[in-house]
Amino acid sequence: VVTVTKPGYFKGIKTYQGVEGKSVFFRIKLIPKNTVGVINSTIGGNVTLSNGMIVALPANAVVVASTSAPYSGNINVSAYWIDPTAIDLDRVMPGDLRGLDKNNSLKVLTTFGMVAVELSGDNGSLLQIAEGKKATLTFPLPAAANSVAPASIALWSFDEARGLWLEEGTASKVGNAYVGEVSHFSFWNCDQPDDYVYFNCNILDAAGQPLPYVWVQLRVVSNPWNSRYGYTDSSGYVGGIVPANETLKLEVFTNYS
């Protein structure tokens, strides 16, 4: 797990599986951590982004993260929606779309959208949801995903130490969005889990020479929404997880940055 931090940005976290004798190449793009709204802790309220993402907090629902002491005052909400159709998804999302389901089985995930949320107090202290309370998150669904999005989907929070998503509850499809309750804030993800296998290859040009640092994408033929991607290393090697028992289409983009 590689973590990149910079003041004013959400953490950039990338998870990878090492292979003996091979290097790993990836890119990390940090997300600006901007305050998108303010909620009074005593009465609660909502913050709505222009893309349709909503963070809703009930009254008296937050504590100081470091002490668990009740917090009273303004709650500054920093939030960002990660579009699952974005061309830079592989760079901005945390992890590598692997997660532990409720049975503690490791799965590969197909995302229908992620959010990053952080709460802070008037003095800049980090806040969290109080025990026994829950916040409500609304994840907008892009048009391209709406037709294949299931009526109900698992919710996953990101474990920064392990670099894996953890299944925690469900979200329901309401119009063009998923809505679900969460008991703490971090990165959250709406995903369908699948079994996976490890795939690797060497990408060469027509003359048999390695193609270094090119972007490789594998799509499930029966569901192009389900795709995996990675960059070759200096020797043209790339490897990673792909859905098991599926017919895949491999694409190589030599001018992708």
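Readers should treat all values here as calculations from the given coordinates under stated rules, not as data from a laboratory. Since we're looking at a predicted model, the values are computed, not measured. Glycine also receives a Cβ, built like all others from the backbone with ideal geometry; neighbour counts cover every protein chain displayed.
Within a straight-line Cα-Cα reach of under 30 Å, K11 can be paired with the following lysines, leaving aside sequence neighbours fewer than 8 residues apart in one chain: K22, K29, K33, K102, K107, K133, K134, K173. Using Cβ point charges alone (K and R +1, D and E -1), the dipole size of the chain about the Cα centre works out to roughly 260 debye. The calculated pair-distance distribution of region 101-205 uses every alpha carbon pair, bins of 10 angstrom beginning at 0, and gives 13, 39, 30, 13, 4, 1 percent. Remark: the Cα gyration tensor places region 83-136 in the oblate category, a/c being 1.5 or greater and a/b not exceeding b/c. As a rough guide to protection, the peptides 49-59, 189-199 ranked by mean Cβ packing within 10 Å, highest first, stand as 189-199, 49-59.
When the Cα positions of L100, N255, V77 are compared along the charge dipole of the chain, V77 comes out farthest toward the positive end, with charges on each C-beta of Lys, Arg, Asp and Glu.
Charge tally for F10 (other residues, Cβ to Cβ under 9 Å; Lys, Arg +1; Asp, Glu -1): +1.
Taking Cα extents along the principal axes in Å as calculated from this structure, the corresponding entry among (1) 100, 53, 39; (2) 46, 42, 34; (3) 67, 38, 35 is (3).
For N74 and N46, the difference between the fully extended length at 0.36 nm per residue and the C-alpha to C-alpha distance is 8.8 nm. Counting only Cβ charges, +1 for Lys and Arg and -1 for Asp and Glu, the dipole size of region 43-156 around its Cα centre is about 280 debye. The residues neighbouring N245, those whose beta-carbon lies less than 14 Å from its own, together hold a net charge of -2 under the Lys/Arg +1, Asp/Glu -1 convention. A Förster radius of 22 Å combined with the Cβ-Cβ distance from Y198 to S147 puts the calculated FRET efficiency at roughly 0.10.
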